[in-house]
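A.B. asks: First the structure, then my questions, so here it is.
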Amino acid sequence: MEYSIRRSDRARRVRVVVEPTGAVEVVLPRRAAQREAAAAVAELRPWIDRRLAEADALREALAARGDGLPYLGDTLQLRREPGRTRAHRRGDTLLFGDRVQIERWYRRMAREEVVPLLDEAVEALGVDYTSVRIANQRTRWGSCSTTGAMSFNWRLLLGPFEILEYVVWHEACHLVHMDHSRRFWSLLERHLPDYRTSRRWLKDNGATLVLG
């Protein structure tokens with residue numbers, strides 16, 4: 001396996017980084033022996049292979065989009081209009097002035113999509129929440145605090161509708177059971193019988209839910 005080595009005065013241990021481009025870099029503390037890089041790569045080879053496979057899948061997914069962006073299973077075509085200060089959807093076309101506006105638009109739409117689903121879920125469960133926050137967590141798709149504060153990742157809108165539905169129901173069920181016990185999964189299955197399919201899809205494809 002090819003990899004590059006970078007020495008760092010700040011590094012306290014050997015660290016392996018797999019970039020989205022597929023490049024593998026080993027960060028070594030300044031005084032570490034160079035052989036430690038090879039040892040780290042050998043030890044972490046299964047993890048590195050998984051990350052490389054994710055990087056390949058991401059590049060393929062982004063290439064397959066062409067000039068469009070996914071939105072809950074649909075594809076939006078992009079049209080840049082110089083001078084526009086706010087992205088706006090017109091049919092299957094998203095009008096925008098710059099790329100920053102696109103993320104802001106997805107964040108706005110995430111709240112509009114999430115809140116009705118969450119309201120439906122908590123009504124069925126007989127519970128309530130205190131607030132909803134739309135965030136951009138790096139590794140989490142949603143969260144539920146003990147106070148009923150809910151948080152959802154706007155990037156869920158880049159996947160199919162059923163994935164967003166799964167995450168909303170998942171977090172809503174935490175308002176009843178704040179754990180992943182058998183009772184929690186049974187409750188989720190009662191209201192969303194096919195949740196395992198969405199759970200697997202998100203695990204396999206979550207890395208592709210980016211604007212690119």
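A.B. asks: Please tell me the relative contact order of the range 11-169 in percent, rounded to the nearest whole number, where contacts are Cα pairs under 8 Å and at least six residues apart. Each step should come with its number before you reach the end.
C.D. replies: Numbers: 205 pairs, mean separation 25.1, N = 159.
Dividing the mean separation by the residue count of the range 11-169 yields 16 percent.
A.B. asks: Further, regarding this structure: In whole angstrom, note down how far apart the Cα centers of the range 156-205 and the range 36-86 are.
C.D. replies: Each part's Cα centre sits 23 Å from the other's.
A.B. asks: Using just the C-alpha positions of the range 98-212 as equal point scatterers, what log10 of I(q)/I(0) does the Debye formula give at each q in 0.17, 0.23, 0.24 1/Å?
C.D. replies: -0.80, -1.42, -1.52
A.B. asks: Could you give me the ³J(HN,Hα) list for the range 126-138, computed from phi with Karplus coefficients 6.51, -1.76, 1.60 and θ = phi - 60°, whole Hz, x at Gly and Pro?
C.D. replies: x, 10, 8, 10, 9, 7, 10, 10, 9, 10, 9, 4, 6
A.B. asks: Report for the range 1-86 the percent antiparallel among DSSP-assigned beta bridges with both residues inside it, nearest 5.
C.D. replies: 60 percent
A.B. asks: Distances over 20 Å make up what percent of all Cα-Cα pairs in the range 33-162? Walk me through the intermediate numbers first.
C.D. replies: Working: 5068 of 8385 pairs.
More than 20 Å apart: 60 percent of the Cα pairs in the range 33-162.
A.B. asks: For the range 4-65, count all C-alpha to C-alpha pairs, find those more than 16 Å apart, and express that count as a whole percent of the total. Kindly include the intermediate steps, with their values, before the conclusion.
C.D. replies: Values: 914 of 1891 pairs.
Tail fraction, whole percent: 48.
A.B. asks: Per residue Cα convex hull volume for the range 146-212, in cubic angstrom? Walk me through the intermediate numbers first.
C.D. replies: Numbers: hull volume 5.9 nm³, N = 67.
Cα convex hull per residue, to the nearest whole number: 88 Å³.
A.B. asks: Out of the DSSP beta bridges found with both residues in the chain, what percent are antiparallel (nearest 5)? Mind showing how you got there, number by number?
C.D. replies: Working: 14 of 29 bridges.
Of all bridge pairs located within the chain, approximately 50 percent are antiparallel.
A.B. asks: In debye to the nearest 20, how big a dipole does the chain give about its Cα centre with +1 on each Lys and Arg Cβ and -1 on each Asp and Glu Cβ?
C.D. replies: Values: 36 positive and 29 negative charges, 227 e Å.
Computed charge dipole of the chain: roughly 1080 debye.
Each reported figure results from applying straightforward, stated rules to the coordinates on display, with no laboratory input. From a predicted model like this one, the values you see are computed outputs, not experimental measurements. Backbone-built Cβ (ideal geometry, glycine too); neighbour counts: all protein chains shown.
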